[in-house]
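Report on the following structure.
Each value in this text was obtained by applying a stated rule to the coordinates, not by laboratory testing. A quick note: this is a predicted structure, and the numbers were derived from the prediction, not measured. As a convention, Cβ positions derive from the backbone with ideal geometry for all residues, glycine included, and neighbour counts pool all protein chains shown.
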Amino acid sequence: QGALVAGMAAIAIIGVVALRTIGTRVSDELTSLTQLSDAGGGLVMAIFDELRAAEEYLTDGATNARDTFQAAGARAYAYQQDLRGIGGISEDDRVTINRIADLQAQVEVDYAIAHAYADLGQRDRAAAAAALARQPTTKLLDQVRAFSAAQTTRAQGITADLEHTATVRQRMPG
C-alpha cells in the first residue's frame, strides 16, 4: 500500500512539473511573440508614416509634415533596434531588418534632397529627386511586407508546436 501511495505521489509530481514546464514555455513564447508583434507593427506604421509625410511635405511644404517625417524615421530606427534585441529572432529576420534600415536610410536621404529643392522653390528638381526617392521605396515596402509575413508564419508555427505539445501531454498516462 505504501508503494501505491509513493507511486501516486510520483505521478502527481511528474504531472505538476510537466504542467509548469509547458506553462513556462507558453509564457516565454507568448512574450517573444508579443515583443515581435509590437516592434514589427510599430516598424511598419513608422515607415508608412514616414513615407506619407515625405510625400505630404513635397505637396504642401507643411512644417508638421517635415516634423512627422523626421519623427517617424527616428521611431522606425528605434523599432529596428528593439527587433534586433529580441531573442530567438532568426538570422534571415536580422538580415531583413538590416536591409530595411539600409533602404530606409537611402529613402530618407533622397527625400531630404527633394525637400531641400522644394524649400528653395526648385519644383522641377524636387520632383526629379522625389522620383528617385520612390524607386527604393518599393524595395523598402517589399522588405517590410516580407518581414511581416515571416513573423506571421513564425507565430503560426509556434502556435502549432504548442498545440502539438499540449496534445501530447494530454495523452500521457497519469
Can you give the local net charge around Ala54? Use residues other than it whose beta-carbon is closer than 10 angstrom to its beta-carbon, Lys and Arg +1, Asp and Glu -1. -3
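Report the gain in length on full extension from Ala3 to Thr138: 0.36 nm times residue separation, minus Cα-Cα distance, nm rounded to one decimal.
Additional length available on full extension: 41.6 nm.
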Label-point separation in nm, Ser90 to Asp28, each point 7 Å along Cα→Cβ: 2.0
Could you tally the net charge around Asp92, taking each other residue with its Cβ under 11 Å from the Cβ of Asp92, Lys/Arg +1 and Asp/Glu -1? +1
Residue-wise HN-Hα coupling along region 89-103, computed from phi with Karplus coefficients 6.51, -1.76, 1.60 (Hz; x: Gly, Pro): 6, 6, 4, 4, 5, 5, 4, 5, 4, 5, 5, 4, 4, 5, 5
What does the charge count near Phe147 come to, summing +1 for each Lys or Arg and -1 for each Asp or Glu among other residues with Cβ under 15 Å from its Cβ? -1
Rounded to the nearest 0.05, FRET efficiency between Ile13 and Thr167 (Cβ-Cβ, R0 22 Å) equals 0.50
Along region 36-49, what does the Karplus equation 6.51 cos²θ - 1.76 cosθ + 1.60 (θ = phi - 60°) give for ³J(HN,Hα), rounded to whole Hz, x for Gly and Pro? 4, 5, 4, 5, x, x, x, 4, 4, 5, 5, 5, 5, 4
Find how much the distance from Asp67 to Arg52 grows on full extension, using 0.36 nm per residue of separation minus their present alpha carbon separation; answer in nm with one decimal. 4.2 nm
Between Ser37 and Asn98, what length comes free when the chain is fully extended (0.36 nm per residue of separation minus the Cα-Cα distance, one decimal in nm)? 20.2 nm
Taking the C-alpha atoms of region 67-174, convex hull volume expressed per residue in Å³: 103
